[in-house]
Structures are given as structure tokens and as C-alpha cells.
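Note sheet for the following structure.
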Amino acid sequence: MILKIIGGIIIVTFLGFCFAMTVFDVGVVSALQSWGIALLLTVVVVIGAYFLIH
């Protein structure tokens, strides 16, 4: 359980860093559009995996 929390924090930090780099590179609007699609796909995959496991 603790490992899942730590892993989640690491992943969120990493994604936040990548998002910041994207914003500096292409601007806020473009970054939000591309990351919005990526996050939506990620959520769908995570929910799907959760239901497959449980």
C-alpha cells in the first residue's frame, strides 16, 4: 500500500515535470490540449486495468 502511494507520487511528479517542459516548449493551450488527450487515455487504461484485476 505504501509502495503504491510512493509510486503514485513519483509518477505525478514526473508527469508534472514533463508537463512544465511541454508548456515552456509549445505554450499553455497546446500543452493542455495534447496532455488532456493523453490523460484521458491514461485514465481509461487505468480504469480498464482496475476492472480486469478486480
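The values are calculated or read from the model by the stated rules, or taken from the named source; none is laboratory data. Please read all numbers here as calculations on a predicted model, not as lab measurements. Glycine also receives a Cβ, built like all others from the backbone with ideal geometry; neighbour counts cover every protein chain displayed.
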**Message:** Just to be sure before I move on: is F19 of a type in the set (F, W, Y), without any contact (Cβ under 8 Å) to a residue 12 or more places away in the chain and part of a helix (DSSP H, G or I) in the structure I sent?
**Reply:** no
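Matching residues to (1) modelled with pLDDT of 85 or more; (2) surrounded by 10 or more Cβ atoms within 10 Å (Cβ to Cβ):
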| residue | (1), (2) |
| --- | --- |
| L3 | no, no |
| A20 | no, yes |
| S30 | no, yes |
| T42 | yes, yes |
| V45 | yes, yes |
